[in-house]
Amino acid sequence: MSARGTLEAELGGQAPDGLAALDAAERRAFAGILRDAKERQSRELEAAVEESLGVVPRLLRGTIRKVLFG
Amino acid sequence: MADAVDVGLEIVKLTRLLGCRADELGYLERIDSQDLRDLREQVTGVLFDADRHMLGRVAAASKLIPSKLAATIGESVFGPLLCARVTGILDPHRAVDIAERLPTGFLADVTEHLDPRRASRVIGELPPARVAEIADELAARELYITMGSMVGHLSKAATVAALDVVDDETLLRTAAVVESKGSLGSLVALLPEERLETIIRTASDAELWPEALEVMGHVSERQRGELAEIAAGQDDEVLEGLVRSAQHDGLWGVLLPVTRAMSPASRERFVNLPSIQTRTVLAAIVDAAAQESLWADLLAFLPLLPAPARRRVAALATALRPMFPQVVVAAHEEQLWPSLVAFAAELDEATQRRIAELIAASDDEVLAGLLAAVEESALERESLTVLARLAAAKQRSLAKRIAGLASADGIEALAEAARAAELDGITEALIPGRRPGKTTAAKAGP
């Protein structure tokens, strides 16, 4: 995929016009930083959700699990 | 504020959002601030949308447990970033109830990661006392950008409470980086005059004039006038510091409109400061006016300069000839003809000819405006000095138009001045039949 395509895929749409000033390596670098941030956030959220289940009272755990995971 | 500063601010905000270092985004310094702002908003949406489904489920689950337990889990398990992401989708009352059970330090951490637009309702419902505690904590951490992002989302009472706990220096540094510039007017309106005075003094003492000018550039004309008056009321030493700062930080584009908002007496005092009179400073002022089309502000400034400084500006004005059409428009629209006519009379011949040609080419409305101003300010001699640079045929043609547009008194005064200056063609064209050199009973020219 082109650098432009890679960045737009991460942004979920067209980048602001001014980013046309970036070269291919810079676009790929920014797309990589954004991808890392998304993955890190998802990882942390997943871990926090799992861990939180251990904190809620046993009585509520089933209901909470159902709300969280369907 | 210069775009470079705004670009720097946007990069800091992006690093916070993306959890990376500023040097990893160095290449973004080439992008303008508005594009970076659009990019940041896009990235905010992407990060939120990436886990929207799970964040929504977390918010739903939090309703099933007591606020105290939700607060404990938020602090000890989720941490500030994830709590900030969830905040925007919680019911505001519930979010505030949970926030009330969290320590101030943690809430300050959450605020750092909060997207104020998504969490605006929650922010708006936070109790003033709690907001004051968080503001105090953020001020201690010198997190001005974070505080600045909250302005415009807090309730009035909460804003007042926060203003009460932050010192003037923090307030200036925060106000200069407020995200929602349109909120600065409301913010300034909440400050009593005594506080505004201490803030202006702090701007001088702590060398924070760029921050103060950034605020002055975004408030209403009336507020700009009030702040400018407070600044103008300070000692010469303070005002000299303001001039140094404008010169050093390239802020004449902001300061020039502020000087126009001053009262005439204050503006005159400011314009006569010794530091203004140097060629370097005057060149920077003219340059800023040219770059940002601040012609009306410059025209309000010029007549108050001492004669030697006006001559220096006149010498600089030669280079501005291509921009004179804009100057003429500004003089007409802002009713600053007297300033332009008086200034033009001091310019070199070629520059005067250029202005005279622009006046000759202007439509009747513009010419009538000029004539009314000339009559009111008795600037017949100065205006003729400029118009006399036209070729003889053009002089007569313009004088005939003037005869059809000016008042009877205005025509008499101009004819008398033309006669005194031995501009026979103009005299004859203004009042056909009056022989040049003939003494009249008309009002004497200047």
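The values are calculated or read from the model by the stated rules, or taken from the named source; none is laboratory data. These numbers come from a predicted model, not from an experiment. Here the Cβ is made from the backbone with ideal geometry for all residues, glycine too, and neighbour counts use every protein chain on show.
Tabulated values for the structure
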quantity: Residues within the stretch B:320-344 that are over 24 Å from B:A408 (Cα atoms) and either aliphatic (A, V, I, L, M) or crowded, with 17+ Cβ neighbours inside 10 Å (or both), tallied; calculated: 9
quantity: Conditions (1) hydrophobic (A, V, I, L, M, F, W, C); (2) more than 14 Å from the chain's Cα centre (by Cα); (3) under 15 Å from B:C20 (Cβ atoms): number failed by A:I64; calculated: (3)
quantity: Residues located in the stretch B:15-29, provided they are of a type in the set (D, E) and within 11 Å of another protein chain (Cβ to nearest Cβ); calculated: B:E24, B:E29
quantity: Condition broken by B:H153, with the remaining ones in (1) out of contact with any helix residue (DSSP H, G or I) (no Cβ under 6 Å at 6 or more places or on another chain); (2) in a loop (DSSP other than H, G, I, E, B) satisfied; calculated: (1)
quantity: Test: B:F324 is within 25 Å of B:S204 (Cβ to Cβ) and in a helix (DSSP H, G or I); calculated: no
quantity: The stretch A:28-46, subset surrounded by 13 or more Cβ atoms within 10 Å (Cβ to Cβ) and more than 9 Å from chain B (Cβ to nearest Cβ), residue farthest from B:D32 (Cα to Cα); calculated: A:R35
quantity: In the stretch A:1-27, the residues that are more than 10 Å from every other protein chain (Cβ to nearest Cβ) and either touching a Gly at 6+ places or on another chain (Cβ under 7 Å) or polar (S, T, N, Q) (or both); calculated: A:S2, A:T6
quantity: Count of residues meeting criterion [surrounded by fewer than 21 Cβ atoms within 10 Å (Cβ to Cβ) and part of a helix (DSSP H, G or I)] in the stretch B:133-147; calculated: 5
quantity: Members of the stretch B:35-47 found to be touching a helix residue (DSSP H, G or I) at 6+ places or on another chain (Cβ under 8 Å) and more than 7 Å from every other protein chain (Cβ to nearest Cβ), listed by number; calculated: B:L36, B:R37, B:R40, B:T44
quantity: For B:A158: the one exception among (1) modelled with pLDDT under 95; (2) in a helix (DSSP H, G or I); (3) over 29 Å from A:V55 (Cβ atoms); calculated: (1)
quantity: Inter-residue pairs, beta-carbon under 7 Å, first at the interface with another protein chain (Cβ under 9 Å from one of its Cβ atoms) and outside any loop (DSSP other than H, G, I, E, B) and in the stretch B:48-67, second surrounded by fewer than 19 Cβ atoms within 10 Å (Cβ to Cβ) and small (G, A, S), 6+ apart; calculated: B:A50/A:S42
quantity: Condition broken by A:L7, with the remaining ones in (1) crowded, with 18+ Cβ neighbours inside 10 Å; (2) in a helix (DSSP H, G or I); (3) touching an Asp or Glu at 6+ places or on another chain (Cβ under 8 Å) satisfied; calculated: (3)
quantity: From the options B:V43, B:V7, residue that is closer than 19 Å to A:E8 by Cα, surrounded by 19 or more Cβ atoms within 10 Å (Cβ to Cβ), among the β-branched types (V, I, T) and free of Cβ contacts under 8 Å to residues at least 60 places away in the same chain; calculated: B:V43
quantity: Number of the condition not met by B:D32 [criteria: (1) within 7 Å of chain A (Cβ to nearest Cβ); (2) modelled with pLDDT under 95; (3) within 22 Å of A:D36 (Cβ to Cβ)]; calculated: (3)
quantity: Residue list for the stretch B:218-255, filter: buried (at least 18 other Cβ atoms within 10 Å of the Cβ) and not in a helix (DSSP H, G or I); calculated: B:H218, B:V219, B:L251
quantity: B:V12 at the interface with chain A (Cβ under 7 Å from one of its Cβ atoms), part of a helix (DSSP H, G or I) and at pLDDT 90 or above; calculated: no
